[in-house]
Amino acid sequence: MSYVTLTTDAKNFHRETFTSGTAAPTKTLTSTKPASATGSVVFGGSLNYIKLKLYSSTSTAPTFYIFGWNYVQEINAYVPQLLCSFTTTMTTTQANPLGGAVFEVAGATLVTGDAKIFTGVTTTTAGGFLLIDTLGCEYIEVCSNAAASPTISVLYAGL
């Protein structure tokens, strides 16, 4: 007799880093595929949701902007869509397994768009993350701006 077994695979985080910008990003229609640059990182999207954990090399609380990108074949262009933006609160310093110290984004306040915000035990303790509906975007771009241009680490997992 045959049986069908449904399983849910564990979703491991992937890591990207970039240097934060110092101004809010401006994204427009482009004929070139979106790419990582100073102030942002681009990675493949997930059809449904993406889970984000964010870290900074300084205690300065960055503002984040999450863009989704889709390709339009008829005009040979990529279209940006602001999925959400949010301000943050940071934890105290914590050890980084890769060396050095980092500050974790512990809390977030939604400014535009839609995101499910999970804080730590408080808005200044570790453990918080964000769940963002990617709305079927092919690429996701995480942008940030903060004084002093800290290094931002993004842990992401598609769901």
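The values are calculated or read from the model by the stated rules, or taken from the named source; none is laboratory data. Just so it is clear, the structure is predicted and the values come from calculations on it, not from any experiment. Positions of Cβ are generated from backbone atoms using ideal geometry, with glycine treated the same way; all protein chains shown enter the neighbour counts.
Can we say G136 is in contact with a Leu (Cβ under 8 Å, 6 or more places away or on another chain), outside any strand (DSSP E or B) and on the phi > 0 side of the Ramachandran plot? Taking the combined requirement at face value, the residue satisfies it. When you check K11 against the structure, is it surrounded by 11 or more Cβ atoms within 10 Å (Cβ to Cβ), of a type in the set (D, E, K, R) and either more than 24 Å from G128 (Cα to Cα) or at pLDDT 95 or above (or both), yes or no? Taking the combined requirement at face value, the residue does not satisfy it. Checking each residue of region 37-44 against the condition of being without any contact (Cβ under 8 Å) to a residue 24 or more places away in the chain, within 30 Å of A101 (Cβ to Cβ) and not in a loop (DSSP other than H, G, I, E, B) gives at least one match. Scanning region 99-121 for residues that are polar (S, T, N, Q) and either in a strand (DSSP E or B) or in contact with a helix residue (DSSP H, G or I) (Cβ under 6 Å, 6 or more places away or on another chain) (or both) gives T109, T112.
Residues in region 30-64 that are modelled with pLDDT of 95 or more, surrounded by fewer than 13 Cβ atoms within 10 Å (Cβ to Cβ) and more than 14 Å from Y139 (Cβ to Cβ): 1 in all. Sub-6 Å Cβ pairs linking a first residue in region 130-143 that is under 17 Å from T87 (Cβ atoms) to a second residue that is aromatic (F, W, Y) and assigned to a strand (DSSP E or B), at least 6 apart or interchain, are C143/Y65, ordered by first then second residue.
Among the conditions (1) in a strand (DSSP E or B); (2) farther than 18 Å from A23 by Cα; (3) out of contact with any Pro (no Cβ under 7 Å at 6 or more places or on another chain); (4) at pLDDT 95 or above, C84 misses just one, which is (2). Of everything in region 69-91, what is under 22 Å from Y55 (Cβ atoms) and either surrounded by 15 or more Cβ atoms within 10 Å (Cβ to Cβ) or in contact with an Asp or Glu (Cβ under 9 Å, 6 or more places away or on another chain) (or both)? Give them in sequence order. The answer is L83, C84, S85, F86, T88, T89, M90, T91.
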